[in-house]
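The values are calculated or read from the model by the stated rules, or taken from the named source; none is laboratory data. From a predicted model like this one, the values you see are computed outputs, not experimental measurements. Here Cβ is always computed from backbone atoms with ideal geometry, including for glycine, and neighbour counts include all displayed protein chains. Accessible surface is based on the protein model in full, side chains and every heavy atom, while ligands, DNA and RNA are left aside. Shrake-Rupley method; radii C 1.70, N 1.55, O 1.52, S 1.80 Å.
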Amino acid sequence: MLTYRLCQPADCQIWIKLNRDFMAYEIADDDLWGGTDQVSDEVFANTFAEALETPELIHLLLFEEDGVPVGFANLMTIFSVWTQGIAMYLDDLFISEEHRGKGYGKQALIYIEEFARKLGCRRMQFHSEASNPNAKEFYQAVGYQPAEMYFYVKYFEKTEGDR
């Protein structure tokens, strides 16, 4: 049975491993994500700690099957004038490849939607790379419709502490 919970400080290494697995799966064709997959575990650990310290901005969820971590979600809250309130931005959702095909992705999304509603969010939104047809198929199968938009990115110079 799939369950979810907020990440705790002791989950740092689990979160790092799952994020690295996700990046190995997702980052295959270009450097759209600015080399994030190349940062050190120390930088990831600092990012994890900072995220836990700013729950008004981000929530890190861990999905488990009988207490064993099988996936995660990184969720950001934003204020949206289009929804006249806060919205949930699903930054990342990942279920480990060996746990796919069990309906966990769909259940995870249901949990995320419930979590967002409890926070008072009025909308859920996210992006998915065009190079990931499995994600497109999955999200449409569970009731999400794509909105034709462009995703713009500009990275700034990294500082000494970033690597």
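One table, with the values for the structure above:
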quantity: Every residue from the stretch 47-72 that is touching a residue at least 24 places away in the same chain (Cβ under 8 Å) and open to solvent by 70 Å² or more (accessible area, probe 1.4 Å); calculated: D66
quantity: Subset tally (residues that are assigned to a loop (DSSP other than H, G, I, E, B) and open to solvent by less than 30 Å² (accessible area, probe 1.4 Å)) for the stretch 91-104; calculated: 1
quantity: First in the stretch 143-154 and more than 16 Å from N132 (Cα to Cα) and touching a residue at least 40 places away in the same chain (Cβ under 8 Å), second anywhere and among the hydrophobic types (A, V, I, L, M, F, W, C) and open to solvent by less than 100 Å² (accessible area, probe 1.4 Å), Cβ under 9 Å, 6 or more apart; calculated: V153/L32; V153/W33
quantity: Close pairs (8 angstrom Cβ cut-off, 6 or more residues apart or separate chains): of a type in the set (K, R) in the stretch 117-132, open to solvent by less than 40 Å² (accessible area, probe 1.4 Å) anywhere; calculated: R122/S80; R122/T83; R122/G85; R122/A87; R123/S80; R123/T83; R123/A87; R123/M88
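Residues are listed down the side, and each one gets a yes or a no for (1) loosely packed, with under 11 Cβ neighbours inside 10 Å; (2) modelled with pLDDT of 95 or more; (3) not in a helix (DSSP H, G or I):
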{"site": "T83", "(1), (2), (3)": "no, no, yes"}
{"site": "Y89", "(1), (2), (3)": "no, no, yes"}
{"site": "K106", "(1), (2), (3)": "no, no, no"}
{"site": "Y111", "(1), (2), (3)": "no, yes, no"}
{"site": "C121", "(1), (2), (3)": "no, no, yes"}
{"site": "K136", "(1), (2), (3)": "no, no, no"}
